[in-house]
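The values are calculated or read from the model by the stated rules, or taken from the named source; none is laboratory data. Quantities reported herein were computed from a predicted structural model and do not represent experimental measurements. All Cβ positions, glycine included, derive from the backbone under ideal geometry; neighbour counts span all protein chains shown.
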Amino acid sequence: MLVLARKPGEAIQIGDGITVHVVEIRGKQVRLGIEAPAEMRVLRIEIHERITARDVQTVDLARHRNKAMTADEKQSGPHTQP
């Protein structure tokens, strides 16, 4: 991890398309401004983690349902369309 010291009004550049500005420091809170291409998703980490956890649960549920359907087919035989 790269750790940098910046003052309000200063910024860092990430690659060619992302600029992070230090907008304000109040006590223990730092306000950042982020310039990034519109197609790039910028999320707070807690939101990203919530989305990732929900996606993992969705995949797990789909796998569970698929296994249950496969087990049902083994018991009753394959279904054929008329």
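Some notes on this structure:
- Subset of region 22-54 [polar (S, T, N, Q) and in a strand (DSSP E or B)]: 29
- Boolean, residue 42 is surrounded by 10 or more Cβ atoms within 10 Å (Cβ to Cβ) and either modelled with pLDDT of 95 or more or small (Gly, Ala, Ser) (or both): no
- Residue that is at pLDDT below 95, under 19 Å from the mean Cα position of the chain (by Cα) and among the β-branched types (Val, Ile, Thr), where the choices are 18, 34, 51: 51
- Any chance residue 6 is assigned to a strand (DSSP E or B) and among the charged types (D, E, K, R): no
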